[in-house]
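The values are calculated or read from the model by the stated rules, or taken from the named source; none is laboratory data. Since this is a predicted model, take the numbers as computed values, not measurements. FYI the Cβ positions are ideal-geometry reconstructions off the backbone, even for glycines, and counts take in every protein chain you see. Side chains included, ligands, DNA and RNA excluded: accessible areas come from the protein's heavy atoms. Shrake-Rupley method; radii C 1.70, N 1.55, O 1.52, S 1.80 Å.
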Amino acid sequence: MKKAFVLVMAMVMAVMIAAGCGGSGGQKKAEKAPEFLRVGTELASEPFVFQKAGSKEFIGFDMDLIRAIGHQLNMKVEIQNMKFDALIPALSAGNIDVAITGMTITPDRQKAIDMSDPYYVTGLVVVVNKDNNTVKSVKDLDNKGIAVQIGTTSADRAAKVPGAKVKKFNTNAEVFLELKNKGVEAVIIDKPLAEYYLAQGGGKDTAKIVGDLMDAESYGISLKKGSPLTTKINRALLDLKNNGAYDKIYTKWFGEAKK
Ligand code: GLN
């Protein structure tokens with residue numbers, strides 16, 4: 001009985017080593033077979049990730065980028081939509097392999113998860129209603145109502161405004177709706193999301209950006225802490241920048257090639 005148990009354990013260990021669980025020596029093998037890259041994202045942040053009315057296809061800059069990375073890694077990309085603040089817990093639980101949705105690289109997030117090298121540089125702006133002539137920058141927001149998306153860097157920034165009454169929403173669409181309905185004085189949000197909303201997201205006639213770009217932020221792809229995929233994703237990102245694919249995707253969504 002005891003002998004049989006030892007034999008089974010030895011076999012289990014041999015299989016684990018062969019499968020690459022035993023350490024970095026097994027990683028080469030895993031690269032050969034096409035695997036699934038389980039991607040978590042949050043919709044409604046045009047132009048990074050969104051769906052056209054009546055379609056379930058995930059489109060946008062981030063979606064093209066992660067598909068190109070998947071192709072580069074010989075992995076089949078599988079995308080699912082989640083709430084923004086559910087992405088990091090899903091990574092940590094191992095339910096998804098990567099998250100991408102205009103997520104800013106922050107020291108706090110890097111304590112909980114891995115983040116890739118930057119793939120897009122931007123920052124936060126203040127958006128107000130067009131008829132608002134008193135708010136000219138974030139400095140004018142003390143003690144005022146500010147709408148932000150839950151779990152974002154915008155929420156962190158709004159929390160630093162003295163006396164501000166911060167209203168948090170699950171989606172950016174709700175954030176902008178609150179501004180339109182005059183439930184708040186201002187919105188704090190990523191510049192490209194604000195610009196897209198003003199250009200074609202319904203805010204053209206009612207809203208405007210005021211003040212300068214606040215602290216610069218870089219977007220990164222998020223992974224579980226210690227994921228062996230992090231270095232592979234960084235390498236793929238670099239390859240796409242070097243072979244022109246990144247610029248192609250950039251131009252498709254933002255109009256001009258990244259310098
Ligand atoms: N960049 C913001 C953050 O990381 C969120 C952007 C978005 O709404 N997807 O917190």
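Applying the set (1) buried (at least 17 other Cβ atoms within 10 Å of the Cβ); (2) farther than 9 Å from residue 222 by Cβ; (3) within 13 Å of the ligand (Cβ to nearest atom) to residue 83 leaves exactly one unmet item: (1).
Let me confirm something: among 93, 159, 164, 155, which residue is closer than 21 Å to residue 66 by Cα and free of Cβ contacts under 8 Å to residues at least 40 places away in the same chain? 93 is the lone residue from the list that is closer than 21 Å to residue 66 by Cα and free of Cβ contacts under 8 Å to residues at least 40 places away in the same chain. Within region 144-153, does at least one residue satisfy the condition of being more than 12 Å from the ligand (Cβ to nearest atom), exposed (fewer than 15 other Cβ atoms within 10 Å of the Cβ) and not hydrophobic (A, V, I, L, M, F, W, C)? No: zero hits. If I filter region 225-240 down to residues being farther than 15 Å from residue 113 by Cα and hydrophobic (A, V, I, L, M, F, W, C), which single residue comes out as surrounded by the fewest Cβ atoms within 10 Å (Cβ to Cβ)? The residue in question is 238.
The strands (runs of 3 or more DSSP E) found wholly in region 104-214 and carrying at least 1 residues that are acidic (Asp, Glu) occupy 113-115, 186-190.
Which ones in region 111-143 are under 26 Å from residue 178 (Cβ atoms) and either among the polar types (S, T, N, Q) or loosely packed, with under 14 Cβ neighbours inside 10 Å (or both)? Correct list: 122, 129, 130, 131, 132, 133, 134, 136, 137, 139, 142, 143. Checking every residue in region 158-165 against the condition of being on the phi < 0 side of the Ramachandran plot, of a type outside the set (A, V, I, L, M, F, W, C) and within 15 Å of the ligand (Cβ to nearest atom) gives at least one match.
The one condition from (1) more than 15 Å from the ligand (Cβ to nearest atom); (2) out of contact with any Lys or Arg (no Cβ under 8 Å at 6 or more places or on another chain); (3) open to solvent by 30 Å² or more (accessible area, probe 1.4 Å); (4) not aromatic (Phe, Trp, Tyr) that residue 174 does not meet is (1). Residues satisfying the criterion are present in region 201-208 (criterion: at pLDDT below 95 and either within 12 Å of the ligand (Cβ to nearest atom) or open to solvent by 60 Å² or more (accessible area, probe 1.4 Å) (or both)).
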